[in-house]
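> Pasting in a structure now, in structure tokens, and then I'll have a few things to ask.
The values are calculated or read from the model by the stated rules, or taken from the named source; none is laboratory data. Source: prediction; values computed, not measured. Don't worry about glycine lacking a Cβ; one is built from the backbone with ideal geometry, like all the others, and counts go over all protein chains shown. Just so you know, the surface numbers come from the protein's heavy atoms only, side chains and all, with ligands and any DNA or RNA stripped out. Shrake-Rupley method; radii C 1.70, N 1.55, O 1.52, S 1.80 Å.
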Amino acid sequence: VAVPMMPDHGHGTPINAIVTPLAEPGRYEITPVNLFMTGYWETTIDVTLAGGEQDSLMFGFCVE
């Protein structure tokens, strides 16, 4: 699951991103990522492995 958010504005995007596994193991495509405003964004990615273990990561970036 991938969730883009604009914490300064308290909202995400109106379009849900879809995570698709690619042919190479461990690689995925996330589309569409609708970053419709300039400013600071944070994207959280939640991962669930086949064995049920879960983890998440967040990365922040600016759209100019």
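> Of all accessible surface on the range 1-52 at a 1.4 Å probe, what whole percent is carbon and sulfur? Show your work: numbers first, answer last.
Values: 2090 of 3620 Å².
Using a 1.4 Å probe with all protein chains present, the range 1-52 comes out at 58 percent carbon and sulfur.
> Of 62, 38, 14, which is farthest towards the positive pole of the chain's charge dipole, taken about the Cα centre with +1 and -1 on the beta-carbons of Lys, Arg and Asp, Glu respectively?
So the residue we want is 14.
> Continuing with the same structure: If the viscosity is 1.567 mPa s and the temperature 4 °C, what translational diffusion coefficient in µm²/s does Stokes-Einstein give for the chain when Rh comes from Kirkwood over Cα pairs? All intermediate terms of the calculation are to be shown ahead of the outcome.
On the way: Rh = 12.9 Å.
Once the numbers are plugged in, D ends up at 101 µm²/s.
> HN-Hα J couplings of the range 2-7 from phi, Karplus 6.51/-1.76/1.60, θ = phi - 60°, integer Hz, Gly and Pro as x?
Ordered by residue, 3J(HN,Hα) equals 10, 10, x, 9, 10, x Hz.
> Let me spell out the model: positive unit charges on the Cβ of Lys and Arg, negative unit charges on the Cβ of Asp and Glu, origin at the Cα centre of the chain. What dipole size does that give, in debye rounded to 20? The partial results should precede the final answer.
Numbers: 1 positive and 8 negative charges, 27 e Å.
Dipole size: approximately 140 debye.
> Follow-up. Would you mind getting me the FRET efficiency between residue 40 and residue 18? Use the beta-carbon distance for r and R0 = 35 Å, nearest 0.05. Don't jump to the answer; show the numbers that get you there.
Numbers: r = 24 Å, r/R0 = 0.68.
After rounding, the FRET efficiency stands at 0.90.
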